[in-house]
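Following: one structure in structure tokens, then a few remarks.
The values are calculated or read from the model by the stated rules, or taken from the named source; none is laboratory data. Just so we're clear, the structure is a prediction, and the values are computed from it rather than from any experiment. Cβ placement follows ideal geometry from the backbone for every residue including glycine, while neighbour counts extend to all protein chains displayed.
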Amino acid sequence: MSKTSWAEPFKIKMVEPLFMSTREQRVKAIEEAGFNTFLLPSEYVYIDLLTDSGTSAMSDRQWAGLMLGDEAYAGSRNYYHLEDAVRKYYGYKYLIPTHQGRGAENILSQILIKPGDIVPGNMYFTTTKLHQELAGGTFVDIIVDEAHDPKSDFPFKGNVDLAKLQRVIDAHGAEKIPYVSIATTVNMAGGQPISLANLKALREMTNKHGIRIIHDMTRVAENAYMIQQLEEGQSGRSVADIVLEICSLTDGATMSAKKDALVNIGGFMATNEWDVFEEARNMVVIYEGLHTYGGLAGRDMEAMAIGIEESVQDDHIRARVGQVFYLGQKLIDMGIPIVRPVGTHGIFLDAKASLPHLPQTAFPAQALAAELYIDSGVRAMERGIVSAGRDKTTGDHCYPELELVRLTIPRRVYTQAHMDVVAESVQRVHERRDSITGLKMTYEPKYLRFFQARFERLPAA
Ligand code: PM9
């Protein structure tokens, strides 16, 4: 990795004051929120590391772009600008805008997946897997084993284990596999990248069997940066160039533009196949809106087109990932157990390692996120047994190896001083970890339960 210091390639033009709550206010707020950080009013949050989704600061160019919104119902000029950006920076031929990533996942899953199909992928993502299941498919994890081990320092934990894929093909037949689902980077593994070499090998193998690769490109620029920094022979290339190559190795994509692409709302589906595009154009009018706006205002598409261009600039991505690494190194130096190597969009605290006295059924990561909020007003998110949901056949919890709390860093929003405050709070909570008690789930919604589930504290053992 580069040894010189990074600094933000921007200066601050406008600020948003934050409310500084008291500990008593935070205890009351988290109890009222059923110990679920998603249910906290954001007013009572000091540093909001819930997600990097839709929480970026837009540039002055993007804000100026909003004023160029063409709000025509059909054929808005901003749609054509977005189409140009998707072709130029990602290389996909056909574009369907959607209100956000899951809108694209819904349409794509319904088009490509038939009941009984199998969808192998480099670890599940919550909304992606749910849409695959709702379309009648079953997700099968084919990521390398290292991805499930928070202590493994393997640099490309997003890689596919090709032997695992071969076993899935042997067991079910290629005709039952509409596509292999590849995320760049892998969110649930801790923001871990896939290597270009692995993706090329996967392309060769899927070509042999006539299987598509569908790309969840939500954080593709971050993945490309890690390839530039760590993969042999890639250091002389620009992030933009590597992004284009990643996309060229896949057949189509779903995108939550709320992450990499620096907008507060928006997404799209892209494909190189005319037939898939035609079907998607039919479906988008049912679920999102006309095919030239897909649930977005013209101004949102303009901000997205500009954000895509900004997102692949080397200076931007170096500072973005640099800030995440800054916090990660601080926590490592403090001896806090976190997923290694540090991922690109956040730090993932290893709640299993910090709270070994709590069984997974007492929701250790959920409990740790609540404690962190109480300590300092820092809002994080559970990424463990609650997020994993229930097995669709047995109805039991899924028990993921990784029981994590995610400190997700919004892009271009917080300073290094904020990161210092976060690290000190994590350390304080870690020092009194033995006193942290587990939780009992008192309300469980049917889908994506982590968003709205409620909990109560269990008595101390
Ligand atoms: N990711 C995140 O916080 C927001 C929703 S879950 C709290 O990480 C990937 C890799 C994502 C993602 C959202 C989506 C869905 C798809 N793939 O939220 O619908 O990280 O725009 O995208 C979230 P939308």
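Worth a mention:
- Number of residues in the stretch 17-46 that are within 16 Å of the ligand (Cβ to nearest atom), under 25 Å from Gly438 (Cβ atoms) and either out of contact with any helix residue (DSSP H, G or I) (no Cβ under 8 Å at 6 or more places or on another chain) or not polar (S, T, N, Q) (or both): the value is 5.
- Number of the condition not met by Tyr73 [criteria: (1) under 21 Å from Lys258 (Cβ atoms); (2) surrounded by fewer than 21 Cβ atoms within 10 Å (Cβ to Cβ)]: (1)
- Pick from the stretch 356-408, criterion among the charged types (D, E, K, R) and out of contact with any Lys or Arg (no Cβ under 7 Å at 6 or more places or on another chain), ranking: surrounded by the most Cβ atoms within 10 Å (Cβ to Cβ): Glu382
Here's the yes/no breakdown for (1) at pLDDT 95 or above; (2) within 16 Å of the ligand (Cβ to nearest atom); (3) hydrophobic (A, V, I, L, M, F, W, C):
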{"position": "Pro359", "(1), (2), (3)": "yes, no, no"}
{"position": "Ala362", "(1), (2), (3)": "yes, no, yes"}
{"position": "Met381", "(1), (2), (3)": "yes, yes, yes"}
{"position": "Glu403", "(1), (2), (3)": "yes, no, no"}
{"position": "Ile409", "(1), (2), (3)": "yes, yes, yes"}
{"position": "His418", "(1), (2), (3)": "yes, no, no"}
{"position": "Val422", "(1), (2), (3)": "yes, no, yes"}
{"position": "Asp434", "(1), (2), (3)": "yes, no, no"}
{"position": "Lys440", "(1), (2), (3)": "yes, no, no"}
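- Evaluation of Gln110 against the conditions (1) under 24 Å from Thr344 (Cβ atoms); (2) in contact with a His (Cβ under 9 Å, 6 or more places away or on another chain); (3) away from the ligand (no atom under 14 Å from the Cβ) shows that the sole unmet condition is (1).
- Residue in the stretch 82-99 that is surrounded by 13 or more Cβ atoms within 10 Å (Cβ to Cβ), touching a residue at least 12 places away in the same chain (Cβ under 8 Å), closer than 30 Å to Glu371 by Cβ and within 16 Å of the ligand (Cβ to nearest atom) present: no
- Test: Ser56 is small (Gly, Ala, Ser), touching a residue at least 60 places away in the same chain (Cβ under 8 Å) and within 26 Å of Phe455 (Cβ to Cβ): no
- Condition check for Phe268: within 11 Å of the ligand (Cβ to nearest atom), more than 14 Å from the chain's Cα centre (by Cα) and in contact (Cβ under 8 Å) with a residue 40 or more places away in the chain: yes
- Residue, surrounded by the fewest Cβ atoms within 10 Å (Cβ to Cβ), within the stretch 35-54, restricted to residues that are touching a Leu at 6+ places or on another chain (Cβ under 9 Å) and part of a loop (DSSP other than H, G, I, E, B): Tyr46
- Ala197 passes every criterion in (1) within 16 Å of the ligand (Cβ to nearest atom); (2) within 30 Å of Ile317 (Cα to Cα) apart from (1).
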